[in-house]
């Protein structure tokens, strides 16, 4: 039977007990408003692990004062129903006061990987992410932690943090889950107007069009990035933030696409007041 806890001590105790029984622990950190993308992470954890823990916490540290913290959806009862149906064993639902009983003066910062793209657009965002994820890893203990590739920069940052700090966590990347028309699933998709929702498929289309350019032999990253930018900017409802061709491990912008390597195409754009991210891994022939 699924156990729901709201205190750090109980969460830590439950997972410590599971490991003492020889059970492999899987962790799925989320901010709630669960959808099929989150369900895919839970399904992967259930398939791999003996005890699966889900965290639901809307982390204020990763929101700038101008961002949508108060608007972020919090359908807890629906989330708990999805978790129970998916086979989650433990759900951790702390309050802000439980996670941050005193003002936080310690943060975790990953240099370099957080400077570009989302880091440039949202300068305080990744320090908030890495700080709360470190806290969750410390509470959960040794485990496998599941993150979606939709937030690809976040995934790369967390992988580097785990490696640099020797955290006893195996980070497991999981594929992007998409709507039938290609839109990457996100909790923020509910904010899209009908017109913006229709326009948002330009991101997926641009990524695949750029992949075709690579398949036809283009090896200059700047030309591929220009294809992404032109395609997205041609949609009147899209306000392009960035379109990049990067190394998937370092996130460094590439100059030349070397045959036999894998590159990552990463885009972000606003549709109305909603900022959407998408990306695609491409093998260079």
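The values are calculated or read from the model by the stated rules, or taken from the named source; none is laboratory data. On a predicted model such as this, the values are computed, not experimentally measured, just so you know. When we count neighbours, we look across all protein chains shown, and the Cβ atoms used for this are built from the backbone with ideal geometry, even at glycine.
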Condition first: under 24 Å from the mean Cα position of the chain (by Cα), in a strand (DSSP E or B) and over 22 Å from residue 177 (Cα atoms). Can you find one or more residues in the stretch 223-239 that meet it? yes
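Within the stretch 63-79, how many residues turn out to be out of contact with any strand residue (DSSP E or B) (no Cβ under 8 Å at 6 or more places or on another chain), outside any loop (DSSP other than H, G, I, E, B) and in contact (Cβ under 8 Å) with a residue 24 or more places away in the chain?
Here is the first cut: in the stretch 63-79, the residues out of contact with any strand residue (DSSP E or B) (no Cβ under 8 Å at 6 or more places or on another chain) are 63-75, 77-78.
Now restrict to residues that are outside any loop (DSSP other than H, G, I, E, B): 77-78.
Filter once more, so that each one left must be in contact (Cβ under 8 Å) with a residue 24 or more places away in the chain: 78.
Number of matching residues: 1.
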Note on the stretch 115-134: residues farther than 22 Å from residue 176 by Cβ and either buried (at least 22 other Cβ atoms within 10 Å of the Cβ) or outside the structural domain of residue 93 (by TED's automatic domain parsing) (or both) are 132
Review point. Does any residue of the stretch 213-221 turn out to be in contact (Cβ under 8 Å) with a residue 24 or more places away in the chain, buried (at least 19 other Cβ atoms within 10 Å of the Cβ) and under 20 Å from residue 183 (Cα atoms)?
Key: no
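Return the residues of the stretch 140-162 that are part of a helix (DSSP H, G or I) and surrounded by fewer than 20 Cβ atoms within 10 Å (Cβ to Cβ); say none if nothing qualifies.
Within the stretch 140-162, the first condition is being part of a helix (DSSP H, G or I), and the residues that meet it are 140, 152-162.
155, 159, 162 - these are the residues of the stretch 140-162 that are part of a helix (DSSP H, G or I) and surrounded by fewer than 20 Cβ atoms within 10 Å (Cβ to Cβ).
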Flagged in the stretch 163-190 as assigned to a helix (DSSP H, G or I) and out of contact with any strand residue (DSSP E or B) (no Cβ under 6 Å at 6 or more places or on another chain), in numbering order, are 163, 164, 165, 187, 189, 190
Scanning the stretch 245-283 residue by residue, the ones that are within 26 Å of residue 185 (Cα to Cα) and not in a strand (DSSP E or B) total 8
Can you confirm whether residue 112 is under 29 Å from residue 254 (Cα atoms) and either loosely packed, with under 14 Cβ neighbours inside 10 Å or at pLDDT below 95 (or both)?
yes
Going through (1) more than 28 Å from residue 43 (Cα to Cα); (2) touching a helix residue (DSSP H, G or I) at 6+ places or on another chain (Cβ under 7 Å); (3) not in a loop (DSSP other than H, G, I, E, B) one by one, residue 97 fails only at (2)
* Asked: outside any loop (DSSP other than H, G, I, E, B), in contact with a strand residue (DSSP E or B) (Cβ under 8 Å, 6 or more places away or on another chain) and touching a residue at least 12 places away in the same chain (Cβ under 8 Å), is that true of residue 82?
  -> no
Within the stretch 191-208, of all residues that are touching a helix residue (DSSP H, G or I) at 6+ places or on another chain (Cβ under 9 Å) and in a helix (DSSP H, G or I), the one surrounded by the fewest Cβ atoms within 10 Å (Cβ to Cβ) is 205
Checked the stretch 100-130 for anything in a helix (DSSP H, G or I) and in contact with a helix residue (DSSP H, G or I) (Cβ under 6 Å, 6 or more places away or on another chain); matches are 118, 119, 125, 126, 128, 129, 130
